[in-house]
Structure formats: structure tokens, C-alpha cells
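Novice: I'd like to ask you about the structure that follows.
What follows is calculated from the coordinates using simple rules that are stated; it is not laboratory data. On a predicted model such as this, the values are computed, not experimentally measured, just so you know. With ideal geometry, Cβ positions are generated from the backbone for all residues, glycine too; neighbour counts draw on all protein chains shown.
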Amino acid sequence: KNNDILIAGCGTGREAISMACLHNDCNILAIDLSFNSLSYGKIKAEQNNINNIQFLQADILNLDKLDKKFDIISSCGVLHHMENPEKGLKVLASILKNDGYIKLAFYSAYAREGLSKIKDYIKQKGLTNEIGDLRKLRKAIKQKSIEIDNKSLEEIEKSLDFYSSNELRDLLFHPSEINFNLIEIDRLLKNNNLEFI
């Protein structure tokens, strides 16, 4: 009870709102760089009478200036988009209480292997992340006209990200991403005195 929870990179607030519903006796700080996303999250929290979330526009790299420690930190789908993910994790680890928990989600080098060929196709065809080009890309994937094994194409087509324009943009058009293997994640955790559980 009364845990301090940080959602580092909350986007439009979906995870923060879910967490607030599960832990209505906790104090949640939800941060993101995008003011528009934060505004949407705040509106959704108000519509659902959720009062234990504070939304704050902030950069993960500046969170140590909060002068606050957290019992739980969640940063899913965020650090791998940073120029230097280890710097971001170092800041998060520094504001985690000694007996605290941190939930992390990184892009997997293994799971995203097939995506590199699709990204090559996107580059080769000069496709943008505009809706018309997204439709062309979906069509090429469905028709299996990209030179990649059919299994990889079928996996992408089964993904929920495939059917949402914003999720497909994030999946295939994000300007900055670093994929990790398990050895690299193990090194990241050890370098920041975190124990995998």
C-alpha cells in the first residue's frame, strides 16, 4: 500500500491508468516527452474518475532531478528508442528503492530479425509512414511480394500492430531503435546492479 510507482514513457496513459485501477492506494507518476500524449492520458484518467496519477512532461535522463525514489518503475517499449538506452536505465536504476522492482521491455534482436528485410523493402521503395504508403506496405505483405520467407510475413500479418496505423508506424518506421539479445540485456542489468527475476 502507498507504493510510489513511476511509469517512464507512459505514452497516452494506458499502462498508467491500468496500474491506477489495480493499485488505487498507490501514487503514480506517469512521464513522457509528448505533451499531446500526456494530455490524452490525463483526459482519459479524468473520464474514468482516476485520481492517483500525476502526469508530467519529462525526459527520462532528467528524472534524477526529482529527488525521489520509487518502489516500482515500469518502462516498456521506451529505452530501446533512446540514443543510449544504458544511460536511461542508469537513471531509472538510480531512482529505484533498494527493495524496488523495475519492469522493462526491450525490442528483441531475435524476434525482429525478419523486420530488417521489410525495412530494407521500405527504404528501397521509398515508402513513408503516411497512410497511403502504409496501405501499400500492408498489401505487399499480404500478397507476399516482399523477398522474405513467408513465415516471417505471416507472423507480421498476425500481429495486432499490423492492423493499427500508429502501431505499424512504431513497428517499422521508428527513426531510432536498438534491438537487444539476452546477453546484452544481462550486461545492462549487471552494469546497473539489477537482478533478473
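Novice: For segment 1-105, which trypsin sites (Lys or Arg not before Pro) are in a loop by DSSP, counting at most 16 other Cβ atoms within 10 Å? Kindly include the intermediate steps, with their values, before the conclusion.
Specialist: On the way: sites: LYS1, ARG14, LYS42, LYS44, LYS65, LYS68, LYS69, LYS87, LYS90, LYS97, LYS103; in loops: LYS1, LYS68, LYS69.
Of the trypsin sites (Lys or Arg not before Pro), the ones in loops of segment 1-105 whose Cβ has at most 16 other Cβ atoms within 10 Å are LYS1, LYS68, LYS69.
Novice: Relative contact order for segment 62-179: what percent, with Cα pairs under 8 Å and sequence separation of 6 or more?
Specialist: Details: 108 pairs, mean separation 33.3, N = 118.
Result for segment 62-179 is 28 percent.
Novice: What is the set of long-range amide H partners of PHE180 at a cut-off below 5 Å, with H atoms built 1.01 Å from backbone N?
Specialist: Under 5 Å from the amide H of PHE180: TYR107, SER108, ALA109.
Novice: Now for a different question. Not counting the cut sites, what is the longest span of the chain without chymotrypsin sites (Phe, Trp or Tyr not before Pro) that DSSP labels loop and that have at most 12 other Cβ atoms within 10 Å? Mind showing how you got there, number by number?
Specialist: Working: sites that count: TYR110, PHE196.
With a cap of 12 other Cβ atoms within 10 Å, the longest stretch comes to 1-109.
Novice: A further question follows. Subtract the Cα-Cα distance of SER108 and GLU147 from 0.36 nm times their separation in residues, and report this length gain in nm to one decimal.
Specialist: Working: separation 39, 0.36 × 39 = 14.04 nm, distance 2.19 nm.
In short, 11.9 nm is gained.
Novice: Let me ask you something else. I'd like the per residue volume of the convex hull spanned by the Cα atoms of segment 1-54, given in cubic angstrom. List each step's numbers first, then the result.
Specialist: Numbers: hull volume 3.0 nm³, N = 54.
Once divided by residue count, the hull of segment 1-54 is 55 Å³.
Novice: Using 26 Å as the Cα-Cα cut-off, could you pick out the over-long pairs in LYS44/LYS139; LYS69/LYS190; LYS119/LYS144? Before the final figure, lay out each step's value.
Specialist: Working: LYS44/LYS139 34 Å; LYS69/LYS190 20 Å; LYS119/LYS144 15 Å.
Pairs exceeding the cut-off: LYS44/LYS139.
Novice: Binned at 5 Å from 0, what are the whole-percent values of the Cα-Cα distance distribution for the chain, short to long?
Specialist: Bin by bin from 0 Å, the calculated values are 1, 7, 14, 17, 16, 14, 13, 10, 6, 2, 0.
Novice: Along the charge dipole of the chain, Cβ charges K/R +1 and D/E -1, which of LEU127, LEU92, ILE178 sits furthest on the positive end?
Specialist: LEU127
Novice: Calculate how steeply helix 182-191 sits against the longest principal axis of the alpha-carbon atoms of the chain, using the helix alpha-carbon long axis, and give the answer as 0 to 90 degrees to the nearest 10.
Specialist: Value to nearest ten degrees: 30.
Novice: What's the Kirkwood radius of segment 87-175 in Å, using all Cα pairs? Walk me through the numbers before you get to the answer.
Specialist: Working: mean 1/r = 0.0671 Å⁻¹.
After inverting the mean inverse Cα-Cα distance, the result is 14.9 Å.
Novice: Test of understanding: what is the full-extension gain from ASP99 to LYS87, defined as 0.36 nm times their sequence separation minus their Cα-Cα distance? Walk me through the numbers on the way to the answer.
Specialist: Numbers: separation 12, 0.36 × 12 = 4.32 nm, distance 2.13 nm.
Once the chain is fully extended between ASP99 and LYS87, it gains 2.2 nm.
Novice: Sticking with this one: With N set to the number of residues, divide the alpha-carbon radius of gyration of segment 44-98 by 2.2 N^0.38 Å and report two decimals. Let's see the in-between values first.
Specialist: On the way: Rg = 13.0 Å, N = 55, 2.2 N^0.38 = 10.1 Å.
Output field value: 1.29.
Novice: In addition: Just round it to a whole percent: the fraction of Cα-Cα distances in segment 1-105 exceeding 18 Å.
Specialist: In whole percent, the share of Cα-Cα pairs in segment 1-105 beyond 18 Å is 42.
Novice: Angle check, please: helix 85-94 long axis (alpha carbons) against the longest principal axis of the chain (alpha carbons), in degrees 0 to 90, nearest 10.
Specialist: The answer is roughly 20 degrees.
Novice: Any idea what the alpha-carbon Rg over 2.2 N^0.38 Å comes to for segment 49-135? Write down the numbers at each step before the final one.
Specialist: On the way: Rg = 17.8 Å, N = 87, 2.2 N^0.38 = 12.0 Å.
Compared with the compact-globule rule of thumb, segment 49-135 sits at 1.48.
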